[in-house]
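Okay, structure first, notes after.
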Amino acid sequence: MRTFFERILWGSRYSVMLGVLSCIVAAFVIFLMGLKDVLYMLDLIWTYVLTGGHEVRNTLVMVVVEILDTFLLGAILLIFAFGLYELFINNLAAAEKSKVGGKILVISSIDSLKSKLGKVILMMLIIKLFSYFIEMKPQSMIELLYMGLIIVFVALALMLTKDNK
């Protein structure tokens, strides 16, 4: 009875495939959204070339930031899908043979998955912070000081997440 239960329990790890497949589908949808944003950006570039308007330029900068944010979200979903697959199902043989796969896709533990996801999420947050800074117009010296402190904290966070190789 115990071995039967253990086989069922071990086989239940394949239910993770629902999450893996869902993340892959969601990543492709996000990448399509990013592609649509790129097409919109090209239209804005054309408008900016013709008019040279300051408002169009500001919109263009915001769209570029949103494009970065969108593609990073898609990357997070893919990394999560790869990590779930490698942790619960099997190692990705194609990733192990690839030069690039060894850098980003080989995930050996929950901690390494969290580390990889954390770094990409940190980059998303930095991009979002950048978009807020673009819109902000500091009204006082203290607000400018706060912005400077935020930049120092972001630089510190980037330094702390750097791989020590």
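Observations on the structure shown:
- Here Leu105 does not qualify as farther than 24 Å from Ile67 by Cα, surrounded by 12 or more Cβ atoms within 10 Å (Cβ to Cβ), in contact with a Leu (Cβ under 7 Å, 6 or more places away or on another chain) and modelled with pLDDT under 85.
- The range 67-84, residues that are under 14 Å from Val29 (Cβ atoms), touching a Gly at 6+ places or on another chain (Cβ under 7 Å) and among the β-branched types (Val, Ile, Thr): Thr70
- Some residue of the range 52-66 being among the acidic types (Asp, Glu), on the phi < 0 side of the Ramachandran plot and modelled with pLDDT of 85 or more: yes
- Flag if Glu86 is more than 16 Å from Glu135 (Cα to Cα), at pLDDT below 90 and charged (D, E, K, R): yes
- Looking at Gly19, Gly11, Gly34, just one residue is more than 25 Å from Leu87 (Cα to Cα), part of a helix (DSSP H, G or I) and out of contact with any Pro (no Cβ under 7 Å at 6 or more places or on another chain), and that residue is Gly34.
- Some residue of the range 41-64 being exposed (fewer than 12 other Cβ atoms within 10 Å of the Cβ), within 22 Å of Ala81 (Cβ to Cβ), free of Cβ contacts under 8 Å to residues at least 60 places away in the same chain and among the hydroxyl-bearing types (Ser, Thr, Tyr): no
One line per residue, one yes/no per condition, for (1) assigned to a helix (DSSP H, G or I); (2) modelled with pLDDT under 80:
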position: Ile134; (1), (2): yes, yes
position: Gln139; (1), (2): no, no
position: Ile142; (1), (2): yes, no
position: Ile151; (1), (2): yes, no
position: Leu156; (1), (2): yes, no
position: Met159; (1), (2): yes, no
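- Thr3 free of Cβ contacts under 8 Å to residues at least 24 places away in the same chain and either within 30 Å of Leu84 (Cβ to Cβ) or in contact with a Gly (Cβ under 6 Å, 6 or more places away or on another chain) (or both): yes
- Selection within the range 15-40 - surrounded by fewer than 17 Cβ atoms within 10 Å (Cβ to Cβ), within 20 Å of Ser131 (Cβ to Cβ) and β-branched (Val, Ile, Thr): Val38
The values are calculated or read from the model by the stated rules, or taken from the named source; none is laboratory data. Since the structure is predicted, the reported quantities are computational estimates derived from the model, not experimental observations. All Cβ positions, even for glycine, are placed from backbone atoms using ideal geometry, and neighbour counts span all protein chains on display.
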